[in-house]
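Structure record follows, encoded as structure tokens.
The values are calculated or read from the model by the stated rules, or taken from the named source; none is laboratory data. Please read these numbers as outputs of a predicted model, since none were measured by experiment. Cβ atoms come from the backbone with ideal geometry, glycine included; neighbour counts cover every protein chain shown.
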Amino acid sequence: MTMISPKVAILSSMIEDCKGFSKIFKNINILIDSFDDADSFLISHIQRQYDLVLVRAQDVDYEGQSLFDRPELKKVQRAFIVASNSDLKSVAKIESLGSIFTELDLLVQVRGVLDQYNRKTSLIRQVNQLETFHDKYRHKQEALVASLESERTKTLYGKDFFEVCDIINFNKDESDFKSLIANVFEPQEFVTSVTVFDLNSNTNKLCAVKYDGMKNINVPDIWLGHIKLRGVNENGMNMVKNIVSSLVHNPVVTLAMSANGVDITTVVALEVDRDYLFNFNWQVVESLLSGVYAQIVNANTHSAAVASAQGPFELLGQISQTTHGRNLIAVDTSEISDLLELRSDFDFDWETFWRDMKINLSQITNLSNIYNISFESIVLDVENDFFEESFAAAKDLCKNIRLAKYFSGKDKSLILSMSLNVFEVPYSQYSMVTTARKLKAKRSFQESTI
């Protein structure tokens, strides 16, 4: 082992010790400073900063405490000069490189102490180098740890992610979006609750849609303000997250659905386990779901446009088979035919009007529940549980329909005040027949006054 020459001092009140050790260290080419009292040693140490100190055991105590309890000496390596077992016991509890017995071969013992010093110094140097290396490459280590943690996280949550994607793909031909959402998220343990909101462009509200599932929760409708929106904006998305979050315990993820890639018309709010909030690729899930959503909406719109009309006989047959739990909503379109009788210079695009009405009314009830009784009325067959919402939606929808776009003619001032009236019809064949007769009587009266 290569000898490292330290700065050495000896502190002993025995002059013989100072002379003897000075001679030994000189023989191994190390010069030492000798002191016979602690005060002079401490003054010199402040200037020289000794690496190794040999202290006679009897001189260790200084001002009532161990000399090496002083802050400036705590890191200094030391060895003790002892003459008896009692000396050895007095310094036994003080950390040191060892003890040198005055009655034994001093040179051998000094070499042993220096070997200990070199080993310890070398070890300290290695530790310092490792600490320096660690500090230098700490950022690389942290990046590596983060990368490993990221891979572990991907593996942990990847299974659930691919399962969700597989279920979406498996249900891509589903014709009902609510059923799709139930199929995807009801089986997932990390999803606690599910809420689907549809935008009602007439009321400017996001309405929570009920579906048959254990995780579906009741959430009030969310009004988006006075300004009519074609789609839900960022403020609306934040409102959904805030309102649902106030009703549940876990974090909420919102997924935006668009049928045209621009306007958000449905929002899915999921209450999820906290770990899945940032460790799950929700952006991909949103994209996949929105693609299927667009497919469903566009397919339903096409179906509404080409669906065959159901007339009065089908409605009367349906009424005869149903005993309770349903209600009828009628849309009075007689003002259109009234104007056409008054103004022969007007034409009305009945085909486009009927197609648009089917598309709009299919937002309230299924196409199979929409009946074209005559060119003077359209009837919706709805469940009692949803009658109030359906009736209000039908009134709002009809109030906002611009009939002028279906008319052709020069003077459209009469058309501007026209509207479609909506009213309730009791669920019976008698009520349906009497309603039809009232409309007919109304027309007969108008014809007699022309």
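Points worth noting:
- The listed residues are L31, L104, and the only one of them that is surrounded by fewer than 19 Cβ atoms within 10 Å (Cβ to Cβ), closer than 19 Å to S5 by Cα and not hydroxyl-bearing (S, T, Y) turns out to be L31.
- Selection of the range 321-330 for residues being crowded, with 18+ Cβ neighbours inside 10 Å and in contact with a helix residue (DSSP H, G or I) (Cβ under 6 Å, 6 or more places away or on another chain) yields N327, I329.
- Selection count, the range 247-286, where residues are outside any strand (DSSP E or B) and under 16 Å from the mean Cα position of the chain (by Cα): 18
- Within the range 193-214, considering residues that are buried (at least 18 other Cβ atoms within 10 Å of the Cβ) and either under 23 Å from F278 (Cβ atoms) or among the hydrophobic types (A, V, I, L, M, F, W, C) (or both), the one farthest from the chain's Cα centre (by Cα): L199
- A search for C-beta distances below 7 Å between a residue of the range 223-248 that is among the hydroxyl-bearing types (S, T, Y) and any residue that is modelled with pLDDT of 90 or more, counting only pairs 6+ apart in sequence or on different chains, returns S245/V252.
- Residues satisfying the stated conditions in the range 412-438, i.e. assigned to a loop (DSSP other than H, G, I, E, B), charged (D, E, K, R) and modelled with pLDDT of 75 or more: none
- Cross-chain or 6+ apart pairs with Cβ under 8 Å, the range 80-105 first and assigned by TED's automatic domain parsing to the domain that holds M14, then exposed (fewer than 14 other Cβ atoms within 10 Å of the Cβ) and acidic (D, E): A83/E103
- Helices (runs of 4 or more DSSP H) contained entirely in the range 331-406, each with at least 2 residues that are loosely packed, with under 14 Cβ neighbours inside 10 Å and in contact (Cβ under 8 Å) with a residue 60 or more places away in the chain: 334-342
- Test: residue in the range 37-53 that is surrounded by 13 or more Cβ atoms within 10 Å (Cβ to Cβ), closer than 19 Å to Y117 by Cα, among the aromatic types (F, W, Y) and in contact (Cβ under 8 Å) with a residue 40 or more places away in the chain: yes
- Whichever residue in the range 73-90 is surrounded by 17 or more Cβ atoms within 10 Å (Cβ to Cβ) and charged (D, E, K, R) and, among such residues, is farthest from D39 (Cα to Cα): D87
- Residue that is modelled with the highest pLDDT, among those in the range 306-315 that are part of a loop (DSSP other than H, G, I, E, B) and of a type in the set (A, V, I, L, M): A309
- Unmet criterion (only one of (1) assigned to a loop (DSSP other than H, G, I, E, B); (2) under 20 Å from T365 (Cβ atoms)) for K178: (1)
- Selected residue (criterion: farthest from F162 (Cα to Cα)) from residues of the range 285-305 that are at pLDDT 80 or above and crowded, with 19+ Cβ neighbours inside 10 Å: I296
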